[in-house]
Amino acid sequence: MLYIFDLGNVIVDIDFGRVLGVWSDYTRVPLASLQQNFVMGESFERHERGEISDEDFAAAICHELALPLSYEQFAAGWQAIFVGLRPEVIEIMHKLRAQGHRVVVLSNTNRLHTTLWPSEYPQIHAAADRVWLSQEMGMRKPEARIYHKVLEEEGFSPGEALFFDDNADNIQAAEACGITSVRVIDKNTIPEYFATRP
């Protein structure tokens, strides 16, 4: 079997509110205003596909939100999204590999975040046979082509794969490709899923 794990809120807890909180602290722009106005729009999606640089992305977001941030301040906020590892999921990934399964990570991420989490959480790469990242692939979930690419490269059919993600759109897209998918609601979803299986 091919087990495909998302990263954020699946293997690592993330909290976007922390990002906005740091930006608010730097600029004195009210947090409520940032929460109301931030949208994961075109520049966000292009950044995750690797189509624009970190600096251009920062400039676009600062323009959209009228944030007077330096690039360093922007980056400090952007990196604050990471809360901590879910060790119980790492343990399950290791067990699956020990049983002879293929275990990969498929994440919508960006260059700026990959300057932090691989060194902050080396357990992720240690627990996966391969880590697939949107900005390196030039595509992002929920685009169907990203699922087809992973299946093709890994050498599995859709019926031989199981996908875990916290985003409903990503789950729906994977299922449309024929991949059995489990939406991760909280920290208990994955441990409980495997607890009911031999």
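Just give me the residues in the range 163-187 being in a strand (DSSP E or B), within 15 Å of the chain's Cα centre (by Cα) and either not assigned by TED's automatic domain parsing to the domain that holds Arg130 or not acidic (Asp, Glu) (or both), in sequence order.
Kept after step one, since they are in a strand (DSSP E or B), are these residues of the range 163-187: 163-165, 180-183.
Remaining after also requiring within 15 Å of the chain's Cα centre (by Cα): 163-165, 183.
Residues satisfying the conditions are Phe163, Phe164, Arg183.
Filter the range 174-198 down to residues that are touching a Phe, Trp or Tyr at 6+ places or on another chain (Cβ under 7 Å) and among the small types (Gly, Ala, Ser) and give me whichever is surrounded by the most Cβ atoms within 10 Å (Cβ to Cβ).
Ala174
So Glu154 ticks every box in (1) touching a residue at least 60 places away in the same chain (Cβ under 8 Å); (2) surrounded by fewer than 13 Cβ atoms within 10 Å (Cβ to Cβ) but one. Which box is left unticked?
The single condition Glu154 does not satisfy is (2).
When the range 1-52 is examined, which residues are found to be touching a strand residue (DSSP E or B) at 6+ places or on another chain (Cβ under 6 Å) and over 22 Å from Glu91 (Cα atoms)?
Answer for the range 1-52, where residues must be touching a strand residue (DSSP E or B) at 6+ places or on another chain (Cβ under 6 Å) and over 22 Å from Glu91 (Cα atoms): just Asp15.
Considering only the range 160-173, how many residues are free of Cβ contacts under 8 Å to residues at least 60 places away in the same chain and within 26 Å of Gly84 (Cβ to Cβ)? Spell out how you get there, then give the answer.
Here is the first cut: in the range 160-173, the residues free of Cβ contacts under 8 Å to residues at least 60 places away in the same chain are 168-169, 171-173.
Then drop every residue that is not within 26 Å of Gly84 (Cβ to Cβ), which leaves 168-169, 171.
Going through the range 160-173 one residue at a time, the tally reaches 3.
Identify the single condition in (1) aromatic (Phe, Trp, Tyr); (2) surrounded by fewer than 21 Cβ atoms within 10 Å (Cβ to Cβ); (3) touching a Ser or Thr at 6+ places or on another chain (Cβ under 6 Å) that Phe82 does not satisfy, given that it satisfies every other one.
Unmet for Phe82, out of (1) aromatic (Phe, Trp, Tyr); (2) surrounded by fewer than 21 Cβ atoms within 10 Å (Cβ to Cβ); (3) touching a Ser or Thr at 6+ places or on another chain (Cβ under 6 Å): (3).
Among (1) part of a loop (DSSP other than H, G, I, E, B); (2) in contact with an Asp or Glu (Cβ under 8 Å, 6 or more places away or on another chain), which single condition is Leu112 missing?
(1) is the only condition that Leu112 fails.
Hey, could you check the range 24-43 for residues that are surrounded by 18 or more Cβ atoms within 10 Å (Cβ to Cβ) and assigned to a helix (DSSP H, G or I) and say which is nearest to the chain's Cα centre (by Cα)?
Step one: filter the range 24-43 for residues surrounded by 18 or more Cβ atoms within 10 Å (Cβ to Cβ), giving 24, 29, 34, 43.
With the extra rule that they be assigned to a helix (DSSP H, G or I), the set shrinks to 24, 34, 43.
Values: Ser24: 24, Leu34: 22, Ser43: 17 Å.
Selected residue: Ser43.
Does Leu116 qualify as being crowded, with 16+ Cβ neighbours inside 10 Å, touching a residue at least 24 places away in the same chain (Cβ under 8 Å) and under 15 Å from the mean Cα position of the chain (by Cα)? Don't jump to the end; show me each part of the working.
Details: crowded, with 16+ Cβ neighbours inside 10 Å: no; touching a residue at least 24 places away in the same chain (Cβ under 8 Å): yes; under 15 Å from the mean Cα position of the chain (by Cα): yes.
Spelling it out, it is not the case that Leu116 is crowded, with 16+ Cβ neighbours inside 10 Å, touching a residue at least 24 places away in the same chain (Cβ under 8 Å) and under 15 Å from the mean Cα position of the chain (by Cα).
Residues in the range 141-162: is at least one part of a loop (DSSP other than H, G, I, E, B), within 17 Å of the chain's Cα centre (by Cα) and of a type in the set (S, T, N, Q)?
Looking through the range 141-162, none of the residues is part of a loop (DSSP other than H, G, I, E, B), within 17 Å of the chain's Cα centre (by Cα) and of a type in the set (S, T, N, Q).
Are any residues in the range 1-43 free of Cβ contacts under 8 Å to residues at least 24 places away in the same chain and of a type in the set (D, E, K, R), and if so, which ones?
Asp25, Arg28, Glu42
The values are calculated or read from the model by the stated rules, or taken from the named source; none is laboratory data. Just so it is clear, the model here is predicted, and its values are computed rather than measured. Glycine gets a Cβ as well: all are built from the backbone with ideal geometry, and neighbour counts include every protein chain shown.
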